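Here, each number is a calculation from the coordinates, and none is a lab measurement. Not measured: the values here are computed from a predicted model. Note: ideal-geometry Cβ built from the backbone for every residue, glycine included; neighbour counts use all protein chains shown.
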Amino acid sequence: MEKAEKPHVLGYGQLALVLGLLLILTGLTVAVSYVHLGFWNVPVALSIASLKASLVLLFFMHLKYEGRVIRYSFISTVLFLAVMIGFTFWDVAFR
Amino acid sequence: MTSKIDTTGIRIGMWLFLYSEIILFGGLFVLYAVYFHNHAQYFAEGGKELNRVIGALNTIVLLVSSFTVAASITAIQREKKGQAIGLLLFSLFCGVIFLVNKYFEWGAKIHHDIYPNSATLQDGAPGLNIFFGLYYVITGLHGLHVIIGMVLLSISLAMILRNRITAARFSMLENSGLYWHLVDLIWIFVFPLFYLVL
């Protein structure tokens, strides 16, 4: 019988490229923190963090190459997290 | 008859566990968000007490170790046992550096009388007390995850040495790697929230 699935192999070069991007984004988030943007500091910092998290998830954790079950269940978890944080914060902010 | 190994199923199981970890830390981030909203200026004040250089250094250490763990899986898939062992040893070394940094960081805070129930925090502003309370709980829980991740990576390393993890069967290494990357993911959010708040 043939193998049911062949795992996707990421080359060292590809992984190093992802690491390079992650380090650049780390530098960027530190640099931006010294600039006073008022309200925008937190959204900018969290956007960069989310971008970094996406890179780790997609490439280091192979989420880009996973099947539907893992992909959709992960998205559901993130949505649940967004509802949990969003609705709680909403309640507190407009109380 | 040989039984077939369901590698996808093994990974799904690990991901389900990781979801519960995400929600666990998510709950703590909800607390952070709410208290940050209520005590923004004290959170900024508390954040300035933390050492950005150590925070940034630890971020780099974790990112590099995540890269080496991911590379060790590539090495195993390519049947380069020696490379995989070297990469995992380096990852463990990164974990040790992270914890040593954390030790000095917490040590300096405790030396300055900033720790849960310390006189400075008890008599100071409630906002600062909450900020450092969250700092110790979240970085402490994260540190515990670093230690667990290192244990899992060490077990994987031992299994590689005994040829229990090979190119044909490497789910243990893959799942340990997923756990290690989760530790990295959490730190990616902890770093700007605690060290870079303005």
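Say each of B:PHE93 and A:VAL35 gets a label point 7 Å from the Cα, pointing the same way as Cα to Cβ; how far apart are those two points in nm?
Label at B:PHE93, label at A:VAL35, 3.7 nm between them.
How big is segment B:67-127 along each principal axis, measuring the range of its Cα positions in Å and listing the largest first?
Dimensions of segment B:67-127 along the principal axes of its Cα atoms: 60, 20, 12 Å.
Tell me, what is the FRET efficiency for B:ILE54 and A:LEU17 to the nearest 0.05, using R0 = 25 angstrom and their Cβ-Cβ distance as r?
The pair B:ILE54/A:LEU17 has a calculated efficiency of 0.40.
Helix A:12-33 versus the longest principal axis of chain A: what angle, 0 to 90°, nearest 10, using Cα atoms?
It works out to around 0 degrees.
Could I get the Rg over Rh figure for chain A? Both from C-alpha atoms, Rh via Kirkwood, rounded to two places.
My calculation of the ratio gives 1.10.
Hey, any idea what Rg/Rh is for the protein assembly as shown, computing Rh the Kirkwood way over Cα pairs?
Dividing the radius of gyration by the Kirkwood radius yields 1.00.
Sort out for me the Cα centre separation of segment A:13-51 from segment B:34-100, rounded to whole Å.
Computed from Cα coordinates, the inter-centre distance equals 15 Å.
Rounding to the nearest 20 debye, state how big the charge dipole of segment B:44-198 is about its Cα centre with +1 on each Lys and Arg Cβ and -1 on each Asp and Glu Cβ.
Rounded to the nearest 20 debye, it is 760 debye.
Expressed as a rounded percentage, what relative contact order does segment A:1-74 have, with Cα pairs under 8 Å and six or more residues apart?
30 percent
222 nm [θ] for chain A, helices only, -39500 (n - 2.57) per DSSP H run of 4+, per residue, to 500?
Result for chain A, helices only: -23000 deg cm²/dmol.
Give, as a single signed number, the net charge of other residues whose beta carbon lies under 10 Å from the beta carbon of B:ALA167, with Lys and Arg counted +1 and Asp and Glu -1.
For residues surrounding B:ALA167, the net value is +3.
If I model a spin label as a point 7 Å beyond the Cα along the Cα-Cβ vector, how far apart are those points for B:ASN38 and B:THR120 in nm?
2.4 nm
Pick from B:PHE43, B:PHE132, B:PHE104 the residue whose mean-square fluctuation is largest in a GNM of chain B, springs joining Cα atoms under 10 Å.
The residue with the greatest mean-square fluctuation here is B:PHE104.
What's the lysine pair count for the protein assembly as shown at a Cα cut-off below 29 Å, pairs eight or more apart or interchain?
Lysine pair count for the protein assembly as shown: 21.
Report the local net charge at B:GLY124: Lys and Arg +1, Asp and Glu -1, summed over other residues whose C-beta lies under 12 Å from its C-beta.
-4
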